[in-house]
Structure formats: structure tokens, C-alpha cells
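> Got a structure for you, questions after.
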Amino acid sequence: MVDPGIYGALLIDGFNALPKKPQILLCQPVPVIGEGRFTINEPNRQKILPLIAELARSNGLQLAGLDAALQNRPELYLDTVHPNMHGTAVFASEIAVAVESLLVKIFVFPLVGIW
């Protein structure tokens, strides 16, 4: 299995090096339904989750989890790995909540100290 920490760190460093300093939201991979395919399966995903969490923690990034919304919901998948149209809507809704939380931290919390 490829260590996502190495590639994740390279991506994060690359984004952090950009002049506009974008905010980075790290997302966990979606749950795998059933046995999965090839090496994409729930046991391998479970091995990767702590690595992604550590990558987020060590870089001070917000981590968006999708487990609660997509776990044990096969009707939201095209196959065992890829969300269908309804699954991507649920996925997008969860990401929107995480982005909103990130925006509150960026724009609202700094203003609290002013008043």
C-alpha cells in the first residue's frame, strides 16, 4: 500500500507554497460497500484513516469525515466504491458543512476579538 502521508505532505506543502495561501480541507475517503474491488476495500481504507488524521493534525488542517453520512448506505453508491448522484449530493452536503465551519474560523472568530 502507498503511504498517503508522503503524497499528502507533498500536496499540502505545494498548496502552502502558493502565493494566495489557500485554506486546505482534508477529506477522508468514502466508506467502501461490501468487499470493494481490487485493493480498494474497507480494511485498507481503515488502515489509511489514521494516516490521514495524523496528516491533518500535524499540519493544523480541518478534517472532513464522511462515514456517518455514507456508511452502510449501498443505495448511495454506483458500485462498491463510487457514490451515485444521490451519494454525491450527500457527500457535497457534508463537505459544505466542513467548508462553512472553516469559513467561520477564518472570518468570524478573528472578528470576535475586535468587539
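> For residues that are among the hydrophobic types (A, V, I, L, M, F, W, C), in contact with a helix residue (DSSP H, G or I) (Cβ under 6 Å, 6 or more places away or on another chain) and over 18 Å from ASN59 (Cβ atoms), tally how many sit in the range 16-45.
Of the residues in the range 16-45, 3 are among the hydrophobic types (A, V, I, L, M, F, W, C), in contact with a helix residue (DSSP H, G or I) (Cβ under 6 Å, 6 or more places away or on another chain) and over 18 Å from ASN59 (Cβ atoms).
> Can you name the residue in the range 57-71 that is assigned to a helix (DSSP H, G or I) and at pLDDT below 90 and is also surrounded by the most Cβ atoms within 10 Å (Cβ to Cβ) among such residues?
Across the range 57-71, the extreme among qualifying residues is LEU70.
> Also: Is it fair to say ILE48 is in contact (Cβ under 8 Å) with a residue 12 or more places away in the chain and either in contact with a helix residue (DSSP H, G or I) (Cβ under 9 Å, 6 or more places away or on another chain) or surrounded by 11 or more Cβ atoms within 10 Å (Cβ to Cβ) (or both)?
Yes, satisfied.
> Further, regarding this structure: Here's a check for you: in the range 16-28, which residue that is out of contact with any Phe, Trp or Tyr (no Cβ under 8 Å at 6 or more places or on another chain) and surrounded by 15 or more Cβ atoms within 10 Å (Cβ to Cβ) is nearest to GLU75 (Cα to Cα)?
GLN28
> Quick one: which residue in PHE91, PHE107 is surrounded by 11 or more Cβ atoms within 10 Å (Cβ to Cβ) and of a type in the set (Phe, Trp, Tyr)?
It is PHE91.
> Continuing with this model, one more query. Regarding the range 26-41, can at least one residue be identified that is closer than 26 Å to VAL104 by Cβ, touching a residue at least 24 places away in the same chain (Cβ under 8 Å) and over 10 Å from the mean Cα position of the chain (by Cα)?
no
> State the number of residues belonging to the range 52-80 that are charged (D, E, K, R), out of contact with any helix residue (DSSP H, G or I) (no Cβ under 8 Å at 6 or more places or on another chain) and more than 20 Å from GLY36 (Cβ to Cβ).
1
> Same structure, new question: I'm trying to understand the selection: among the residues of the range 78-90, which are out of contact with any Leu (no Cβ under 8 Å at 6 or more places or on another chain) and either among the charged types (D, E, K, R) or not in a helix (DSSP H, G or I) (or both)?
LEU78, ASP79, THR80, VAL81, HIS82 - these are the residues of the range 78-90 that are out of contact with any Leu (no Cβ under 8 Å at 6 or more places or on another chain) and either among the charged types (D, E, K, R) or not in a helix (DSSP H, G or I) (or both).
> Spot the failing condition for PRO83; the list is (1) of a type outside the set (S, T, N, Q); (2) modelled with pLDDT of 85 or more; (3) out of contact with any helix residue (DSSP H, G or I) (no Cβ under 9 Å at 6 or more places or on another chain), and only one is missed.
(3)
The values are calculated or read from the model by the stated rules, or taken from the named source; none is laboratory data. Bear in mind that the values here come from a model prediction, so they are computed numbers and not experimental data. Neighbour counts run over all protein chains shown; Cβ positions are idealised from the backbone, glycine included.
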